Amino acid sequence: MKASNGLWREQPLDSVFPELLREIEIYETEIELRKQGKMDEKLFAETRLRRGAYGQRYDNGQRWDGKETQILQFPSDEIKPTKGVNTLWDAPGMQRIKIPFGGMTPQQLEVMAELAEEYSDGIGHVTTRQDFQLHFVHVDDTPALMRRLAAVDITTREACGNSVRNVTACPFSGVCSTEAFDVTPYAKGLAYFLLGHPDVQDFGRKFKVAFSGCRDEACGLVNMHDMGVIAVTRVDAEGKEQRGFELYVGGGLGTVPHQAKLFEAFLLEEELLPTAQAISRVFARLGEKKNRNRARIKFLVAQLGIEEFKHLVLEERATLPPDPRWIAYLSELHLLEEKPLRPAQSLNGAARSEDFDRWYKTNLWHQKQEGYATAIITLPLGDITADQMRAVADIARRFTYGTIRTTVDQNLVLRWISEADLPEVYSELQAIGLGGAGAGTIVDITSCPGTDTCKLGIASSRGLAGELRQRLAEKSHTLDEAVQNLHIKVSGCFNSCGQHHVADLGFYGVSRHSGNYTVPHFQVVLGGQWTQNAGSYGLAMGAVPAKRIPEVVERLTGRYVAERQKDESFQNFIQRICKVQIKKMLDDLTRLPAHDEDPTLYTD
Ligand code: HEM
Ligand code: SF4
């Protein structure tokens, strides 16, 4: 435990959410009770997880502290096992930190850097749902860490457990030319309305909400969420523009992926919060509680049918006691409106290096506000060191009004950069090792934590993602344009935390047995749709030993380039050449030689 932890308890921290501080005190007492053996492990695990404090796996007993590899000190060396899947509750774990709609200020990023350095391995990790994660955090340190986050208005409450998880939103909301309107204040409004709400405390399973500004792009991934909304507008009888949402429910990934169903084509903005509350009540009342594998809302919606589900929700909504918070935030939407720091100025005529041009092509979005751009900072595997976080915070302060967001493809974005400043921003990013091009391309691979740190992992998703990234980056200049724009996503197991269902080329870890060996494989999932808010899921094609996945990518992309019809998307290509043909094409790769013949294939 850090000696300074007590100071953070005594320090009167000025959080805008005082109830969060009370929450942390309760949690601290629970840790103490657990230590004294007065709290049952199962109960403690539940309370810990609800605050985002996970257990972690240590297969190699080491940690990289951002500078060098350290051998881990476990709290109970004499009691085994302290490594592998069954680590003890007081071994260093992972802390998930909620970042609603991915929005961060430079100050928050700096605090994250401090916490990463002081309590973790010096590395912050951006997740596939816009959260931050710190690994190797000792449970004794988590209350102090939470207090320091609360001081900058960040909470870890309900970051895990059967609760409403981080509310995500397009990282370009407010600056994107295809959006109906900026969903940021609505995402924030809903996130804090539901946080700790009594009606969301009795779910059988987690509940994930996403916001999108438009239907066709991918940023919101609405269709794969328990509840998702897309901004829409219409003109009312008096000719005035009305804001509303297309509301979807019952989507989700995992072993049984479901596409969300349309609940309402135009939900008025003032109906958003009460409808979410009513959905929560129906889910809490009728959702499965015993069998975790059937407890997500997708199963309830499928079982009842969307019409009956909707009927129950509307009935519930009519009985809700009116709550002023349902609409209070609507009069304050403008408070979250962002503004630029520097005047809009175009880049015309400025000298541009080849590297800058490459970065400009893939990592820049022109905002709807002329003269401004949003820059994507690609974080390989979602990782960013403490020093890089501080430097990004500095850059955000110097060139923008501090408008940083995390993205679901595990990157950061800086919004509101005057276009004339782009070369300078680029060279500053390059100086801290974050000037990599290729955002949103085949090299920008998404991966869950996998066997590096996740207890449920079957294969090394990060290992595979890193390997593919390196191989593809080496030849990225020569890759066909159609291949460059493909997405690769990797999960360490069927739970789909890496969102492999919505990738062109998705992989998830499975194990296969051969003699006395358990051999890590990846199931190949092809043709998922990233655009149209994760519009459709990929097809499983067969499991291949982990080491051979680069060859799978090589063959599939090669064939796509060779046989692609004019402008044919990868999804259409996969459907056209059909599963039988693809299986045939990968058949030799799926066959595992005996261990003596090729032992290298038996590890990942
Ligand atoms: C029963 C166990 C689990 C299931 C069924 C599960 C399922 C999922 C699914 C389906 C997603 C992503 C897509 C979505 O949000 O719908 C997700 C997100 C994620 N999962 Fe898991 N997961 C499990 C356990 C874990 C564990 C143990 C870890 C790591 C310690 C983990 C790490 C993540 C991460 C980093 C994300 C991105 C999420 C976020 O920031 O909220 N998951 N999980
Ligand atoms: S997909 Fe599996 S291995 Fe990856 S984080 Fe989720 S549970 Fe862990």
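The values are calculated or read from the model by the stated rules, or taken from the named source; none is laboratory data. Model, not experiment: these values are computed from the prediction. Every residue, glycine among them, receives a Cβ derived from its backbone with ideal geometry; neighbour counts consider all protein chains shown. For accessibility, only protein heavy atoms count, side chains too; no ligands or nucleic acids. Shrake-Rupley method; radii C 1.70, N 1.55, O 1.52, S 1.80 Å.
Provide the FRET efficiency to the nearest 0.05 for the Gln107-Arg471 pair, computing r from the beta carbons and using R0 = 41 Å. It would help to have the intermediate numbers written out before the result.
Values: r = 38 Å, r/R0 = 0.94.
Calculated transfer efficiency: 0.60.
Only sites in a loop by DSSP and with at most 16 other Cβ atoms within 10 Å count here; which trypsin sites (Lys or Arg not before Pro) in region 535-598 make the cut?
Lys566, Arg591
Apply the Karplus curve 6.51 cos²θ - 1.76 cosθ + 1.60, θ = phi - 60°, to the phi angles in region 401-410 and return the couplings in whole Hz, x for Gly and Pro.
Result, ordered by residue: 7, x, 9, 10, 9, 8, 10, 6, 9, 6 Hz.
What is the percent carbon and sulfur in the accessible area of the chain, measuring with a 1.4 Å probe over the protein chains and ignoring ligands? Could you put the intermediate results ahead of the total?
Values: 12420 of 25240 Å².
On the chain, the fraction of accessible area on carbon and sulfur atoms equals 49 percent.
Under 25 Å between alpha carbons, and skipping anything fewer than 8 positions from Lys35 in its own chain: which lysines qualify?
Straight-distance partners of Lys35: Lys2, Lys80, Lys83, Lys455.
Local charge sum around Lys547 (other residues, Cβ-Cβ under 12 Å, Lys/Arg +1, Asp/Glu -1)?
Details: positive: Arg548; negative: Glu467, Glu551, Asp598, Asp604.
Summing Lys and Arg as +1 and Asp and Glu as -1 gives -3.
With a ≥ b ≥ c the root eigenvalues of the C-alpha gyration tensor of the chain, is it rounded (a/c under 1.5), prolate (a/b larger than b/c) or oblate?
Details: a/c = 1.19, a/b = 1.06, b/c = 1.12.
Since a/c stays below 1.5, the shape of the chain is classed as rounded.
Show me, for region 84-92, the HN-Hα J-couplings you get by feeding each phi into the Karplus relation (A = 6.51, B = -1.76, C = 1.60, θ = phi - 60°), rounded to Hz, glycine and proline as x.
Taking θ as phi minus 60°, the curve returns x, 5, 9, 5, 6, 4, 9, 6, x Hz for region 84-92.
Based on the alpha-carbon gyration tensor of region 354-431 and its eigenvalue square roots a ≥ b ≥ c, which shape applies: rounded if a/c is under 1.5, prolate if not and a/b is larger than b/c, or oblate?
Details: a/c = 1.38, a/b = 1.28, b/c = 1.07.
Rounded, because the longest to shortest axis ratio a/c is under 1.5.
Output ³J(HN,Hα) for region 211-228: one whole-Hz value per residue in order, computed from phi by the Karplus curve 6.51 cos²θ - 1.76 cosθ + 1.60 with θ = phi - 60°, and x for Gly and Pro.
10, 10, x, 8, 8, 8, 7, 9, 3, x, 6, 4, 5, 9, 10, 4, 9, x
Please state the shape class of region 475-521: rounded when a/c is under 1.5, otherwise prolate if a/b exceeds b/c and oblate if not, all from the C-alpha gyration tensor. Write out the running numbers ahead of the final one.
Working: a/c = 4.51, a/b = 1.94, b/c = 2.32.
Oblate.
To the nearest 20 debye, what is the magnitude of the charge dipole of the chain about its Cα centre, counting +1 on the Cβ of each Lys and Arg and -1 on the Cβ of each Asp and Glu?
Numbers: 71 positive and 81 negative charges, 313 e Å.
Here the size comes out at about 1500 debye.
For region 322-366, which GluC sites (Glu not before Pro) are in a loop by DSSP, counting at most 15 other Cβ atoms within 10 Å?
Glu337
At q = 0.12, 0.18, 0.19, 0.21 Å⁻¹, what is the log10 ratio I(q)/I(0) for region 238-390, with the Debye formula run over Cα points and no solvent?
Here log10 of I(q) over I(0) equals -0.86, -1.09, -1.14, -1.26.
State the antiparallel share, in %, of DSSP beta bridges confined to region 397-553, rounding to the nearest 5. Spell out each step's value before the answer.
Values: 20 of 26 bridges.
Taking every DSSP beta bridge with both residues in region 397-553, the antiparallel ones total about 75 percent.
Go through region 286-334 and name the trypsin sites (Lys or Arg not before Pro) that are in a DSSP coil and have 14 or fewer other Cβ atoms within 10 Å of their Cβ. It would help to have the intermediate numbers written out before the result.
Numbers: sites: Lys289, Lys290, Arg292, Arg294, Arg296, Lys298, Lys310, Arg317, Arg325; in loops: Lys289, Lys290, Arg296.
When the trypsin sites (Lys or Arg not before Pro) of region 286-334 are filtered for loop state and at most 14 Cβ neighbours within 10 Å, Lys289, Lys290 remain.
May I ask you to list the lysines whose Cα is less than 20 Å away from that of Lys188, ignoring any residue fewer than eight positions away on the same chain?
List returned: Lys98, Lys206, Lys208, Lys339.
Using alpha-carbon pairs under 8 Å, 6+ residues apart, how would you state the relative contact order of region 5-150 in percent? Before the final figure, lay out the partial values.
On the way: 189 pairs, mean separation 40.5, N = 146.
This gives 28 percent for region 5-150.
Which value, in Å², gives the accessible area per residue of region 446-602 when a 1.4 Å probe is used on the protein heavy atoms? Write down the numbers at each step before the final one.
Numbers: 6820 Å² over 157 residues.
Each residue of region 446-602 exposes 43 Å² on average to a 1.4 Å probe.
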